[in-house]
Amino acid sequence: MTQGREPSIFERIIAREIPSDIVYEDDDYIAIRDIAPKAPIHLLVIPKVWTPRIDTIQDPEQMGRLWLKASEVARQHAQDYRLVVNAGRGAGMMVEHTHIHILAGWENGPESDVL
């Protein structure tokens with residue numbers, strides 16, 4: 001449901017209106033490969049229930065489940081990883097739909113902060 005707004009690109013991916021490289025999915029979350037990767041492994045963990053940005057989530061259980069799922073997906077793809085969240089355009093958020101970036105796969109660690 002889009003609540004009087006256009007669906008986000010992530011909602012369109014979840015609805016299979018737009019193809020994406022899905023690496024994980026369950027009833028509550030989807031994880032996809034980023035189309036503009038900033039690391040050798042760059043995945044996005046996206047809740048299927050839309051919120052505009054992470055700081056609009058008020059339920060501690062919902063917040064905790066999101067971070068646990070991001071950690072779980074990350075561990076499926078890498079031993080060491082970075083979890084990154086951008087909150088708002090000024091922080092680099094490109095899609096108004098809460099999501100967590102998983103960055104990993106560097107041979108000697110990240111060369112610099114990438115997001």
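The values are calculated or read from the model by the stated rules, or taken from the named source; none is laboratory data. Keep in mind that this is a model prediction, so the values were computed, not measured. Cβ sites come from the backbone with ideal geometry, for glycine too, and all protein chains shown count toward neighbours. When the accessible area is computed, the model is the full protein with side chains, heavy atoms only, and any ligands, DNA or RNA have been set aside. Shrake-Rupley method; radii C 1.70, N 1.55, O 1.52, S 1.80 Å.
Here are the numbers for this structure:
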{"read-out": "Estimated distance in nm for a label pair at residue 49 and residue 106, the labels positioned 7 Å out from Cα along Cα-to-Cβ", "value": "3.5 nm"}
{"read-out": "Helix 60-77 vs. the chain, principal-axis angle (Cα, 0 to 90°, nearest 10)", "value": "40 degrees"}
{"read-out": "In Å², nearest 10: area of residue 38 left accessible to a 1.4 Å probe", "value": "100 Å²"}
{"read-out": "Exposed GluC sites (Glu not before Pro) absent: longest stretch of the chain, with sites in DSSP loops and at most 13 other Cβ within 10 Å deemed exposed", "value": "18-106"}
{"read-out": "Accessible area of the chain belonging to carbon and sulfur atoms, whole % at 1.4 Å probe", "value": "50 percent"}
{"read-out": "Label assignment, Cα extents along the principal axes in Å derived from the structure, set (i) 62, 28, 20; (ii) 40, 28, 26; (iii) 46, 28, 27", "value": "(iii)"}
{"read-out": "Extended-chain gain in nm, criterion 0.36 nm per residue less alpha-carbon gap, residue 68 and residue 95", "value": "7.6 nm"}
{"read-out": "The chain, accessible area per residue, ligands and nucleic acids excluded (1.4 Å, Å²)", "value": "60 Å²"}
{"read-out": "Euclidean distance of C-alpha centroids, region 51-81 and region 85-107, integer Å", "value": "12 Å"}
{"read-out": "Contact order relative to length of the chain, as percent, for alpha carbon pairs under 8 angstrom and 6 or more apart", "value": "28 percent"}
